[in-house]
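Below: the structure, in structure tokens.
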Amino acid sequence: MLLLPERTPMDKKFDLLSTIEYGGCSAKLPAGLLSEVLSKLPVATDPRLLVDVDTHDDAGVYKINEETALIFTTDFFPPICSDGYEFGEIAAANSLSDVYAMGGTPLLALNLMMFSQEKIPLNVFGEIRKGGHDKVSEAGALTVGGHTIDDHPPKYGLAVVGTVHPDQLITNAAAMPNDILVLTKSIGTGALVSGEKNGLCSHEDYNRALKQMKHLNKHGASLAVKYGVRGMTDITGFALAGHAMKMAEASGKSFRIRSSQIPLLPGAYNVYEKGSIPGATFRNLEFTDQHAHYTRGVDYNMKMLAHDAQTSGGLLMAVNPDHAGALLEDLNRIDPEVSAVEIGEVIPESPRRLYFE
């Protein structure tokens, strides 16, 4: 009988999810704690600084001249999936999204990597970097280096520079009453990652979530510029509710959101129905607690899914009502992988920032 050598750890497919408790954007510090800390720090001031940290926007923006402003952002997190290449793709797409959320075009990217070569096979390092490189290339940008330190669990992301015309800059502080709220991706990635870890969702539903997280917000950003959108953000770790609340606050307005129109990834509701609710959801709920109102028609699971931490989520746009229909039609035609829908509208500032019905 032929005896084969035992497989070494290098021969096996390493599962990145085995290294973490919270992955992706759910690993963020609680939003309330972060706001408290940032409020005590000095703020840079310069007439060329078009967007700083005051409104908790998606990136900083610096005006170079009358034609060009630079968008500068960074994002990184622990693994959100098992496969190194897919983790690299998702982390890169998430980092690039902050540029898209401001109507910009990614230009340059630097890798940010924390990796333990003693605890994880080194080939996984290469897979993560390859996934990130390929996603940056898909965005039409260039990867120009980076920085790596020995650390565990692993974390990966990018520092990204993008460009935007100063007159086309989109911020989270420009929503206007009667604007239509458009969401470009379904929510539920946090639920499905939890469901996968706990055996509470199908592999098909989980893989659909991975595919959505890898998808760039490129077309949504370009159409937002085309249709003159001024208020926009992307939905990540603070969930739909948390990011909508910050956008409403920065704009000095309130948002009315119809829960029945929020697009959900297949299987996400069932995971919450089975009781597998990630801890980040409760932290996000605490953040919006005093600022959101729910009618009796909003059931518990939908309320919680509105607080489900998203990784590489969609764009939330405040669109002029005269343009919303055309924008939605164009986006769903040009980019059939998105699930862009109208979920509500902007209303004048009211006692609460968010009204879910």
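Bear in mind that the values in this text are calculations on the coordinates, not laboratory data. Not measured: the values here are computed from a predicted model. FYI the Cβ positions are ideal-geometry reconstructions off the backbone, even for glycines, and counts take in every protein chain you see.
For Leu264, the residues whose modelled amide H falls within less than 5 Å of its own, excluding neighbours fewer than 5 places apart on the same chain, are Ile187. This ranking places Ser137, Ser260, Ser82 by how few other beta-carbon atoms lie within 10 Å of each, fewest first, which gives Ser260, Ser137, Ser82.
Each residue of the stretch 336-342 is assigned a 3J(HN,Hα), and the resulting list reads x, 7, 7, 10, 5, 9, 7 Hz, derived from the Karplus form 6.51 cos²θ - 1.76 cosθ + 1.60 (θ = phi - 60°), x at Gly and Pro. Measuring against 32 Å, Cα to Cα, the residue pairs Lys40/Lys218; Lys40/Lys197; Lys155/Lys226; Lys185/Lys253; Lys13/Lys135 contain Lys40/Lys218; Lys40/Lys197; Lys155/Lys226 as the ones spanning a longer distance. Whole-Hz Karplus values for the stretch 165-174 come out as 6, x, 7, 10, 4, 10, 10, 8, 10, 10 Hz, taken residue by residue from phi with 6.51 cos²θ - 1.76 cosθ + 1.60 and θ = phi - 60°; glycine and proline positions read x.
Our summary of shape: the Cα atoms of the stretch 180-356 have principal axis extents of 45, 39, 24 Å, ordered from largest down, in whole angstrom. By other beta-carbon atoms within 10 Å, ranking Val160, Val144 with the fewest at the front produces Val144, Val160. Share of pairwise Cα-Cα distances greater than 40 Å in the chain is 10 percent (whole percent).
If both residues of a DSSP beta bridge must be in the chain, then about 75% of such bridges are antiparallel.
Once backbone amide H atoms are built at 1.01 Å from N, Leu316 has Thr233, Asp234, Ile235 as its partners under 5 Å, excluding neighbours fewer than 5 places away on the same chain. Neighbour counts of C-beta atoms inside 10 Å place Ser312, Ser339, Ser251 in the sequence Ser339, Ser251, Ser312, starting with the fewest. How many angstrom separate the Cα center of the stretch 138-198 from the Cα center of the stretch 207-265? Here the two parts' Cα centres lie 11 Å apart.
Relative contact order for the chain using alpha-carbon pairs under 8 Å, separation at least 6, rounded to a whole percent?
Working: 839 pairs, mean separation 79.8, N = 357.
Relative contact order for the chain comes out at 22 percent.
About its Cα centre, what dipole magnitude does the chain give when the only charges are +1 on Lys and Arg Cβ and -1 on Asp and Glu Cβ, stated in debye to the nearest 20?
Here the chain has a charge dipole of around 340 debye.
A cut-off of 5 Å between modelled amide H atoms, ignoring neighbours fewer than 5 places along the same chain, links Leu181 with Val319, Ile343, Gly344, Glu345, Val346.
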